[in-house]
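The structure appears below as structure tokens.
Coordinate-derived values only; no laboratory data. Source: prediction; values computed, not measured. Neighbour counts run over all protein chains shown; Cβ positions are idealised from the backbone, glycine included.
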Amino acid sequence: MTTVLKLGGSVVTAKDEPETVDADALAAAADALADATDASNDADVVLVHGGGSFGHPHAAEHDVSPASGTHDAGAVREIHGAMRRLNERVCAALGERDVPAVPHHPHSAGYVDGDETLALPPDGVGAKLDEGFLPVLHGDVVTHVGAGATVVSGDDLVVALARGLDADRVGVCSTVPGVLDDDGDVIPEITAYADVADVLGGSDATDVTGGMAGKVRALLALDAPVSLFGPDALAEFLAGGEPGTLVD
Ligand code: IP8
């Protein structure tokens, strides 16, 4: 059973404090992962975390985004370096709980090709799983053919990994309890984009600002069922439940 789990950057960092981990939130997430991945079960988990107050301020400072690249190597080192620092903190929190977490940095492992497709060979991640490690990836700045280097979000990595590893389940843990309708209630299940187009909006502009619309479209295209939920529901998801919104 292979699970790809994304922990949003705003879940594990204090959003408004530069390069600051939300220690309590990270500890709670690490506890849930430790409980779910102890040696007595054979659940393979691949973890992806977002940038939060580590990657995003540096990316904004250098005007680097998924749509805007840079050829400034110093900017690339700065953005990637911040993400490595967060990745070290996430891996350390897991390691303290005997979770066999090891880093897997997208900047070194992948790139965006000339067709705007993220090329991230899944074999290296799969080999880590086979050897009993829990690979921890993160949103990153990666080489982008024709554009220098651009930002790849954790959500894009989740989609690529779920496909490449033929994952059985995908979880996206953010600060909201699921996809919300106009009344602010969680939509329990989404099976077609048309069902939620009114609520999410459909414009490309929504997509590039990192809105739900593009995310839901990409997740619907996966074979694996995807749960979108908040931090309180992480343990339930890891125990096999389907909290929040199920995109399937
Ligand atoms: O928070 C962005 O990852 P995300 C990573 O998953 C960087 O969108 C480098 C800003």
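Descriptive notes on the structure:
- One compactness figure for the chain is 0.95, namely its Cα radius of gyration divided by 2.2 N^0.38 Å.
- Relative contact order, percent, the chain [alpha-carbon distance under 8 Å, six or more residues apart]: 22 percent
- Region 77-124 versus region 1-45: alpha-carbon centroid distance in Å: 14 Å
- Helical runs assigned H by DSSP (4 residues or longer) give the chain a calculated mean residue ellipticity at 222 nm of -11500 deg cm²/dmol, each run adding -39500 (n - 2.57) before division by the residue total.
- Across region 143-153, rounded Karplus estimates of 3J(HN,Hα) from the backbone phi angles (6.51 cos²θ - 1.76 cosθ + 1.60, θ = phi - 60°) give 4, 10, 3, x, 10, x, 9, 10, 7, 10, 7 Hz, Gly and Pro being marked x.
- For Ala119, residues with placed amide H under 5 Å, excluding near neighbours: Tyr111, Val112, Asp113
- Long-range amide H partners of Lys6 with built H, under 5 Å: Val48, Gly171, Val172, Cys173
- Theoretical FRET efficiency, 1/(1+(r/R0)^6), r = Cβ-Cβ of Asp195 and Ala34, R0 51 Å, to 0.05: 0.90
- With the convex hull of the Cα atoms taken as the outline of region 42-144, the averaged projected area works out to 6.8 nm².
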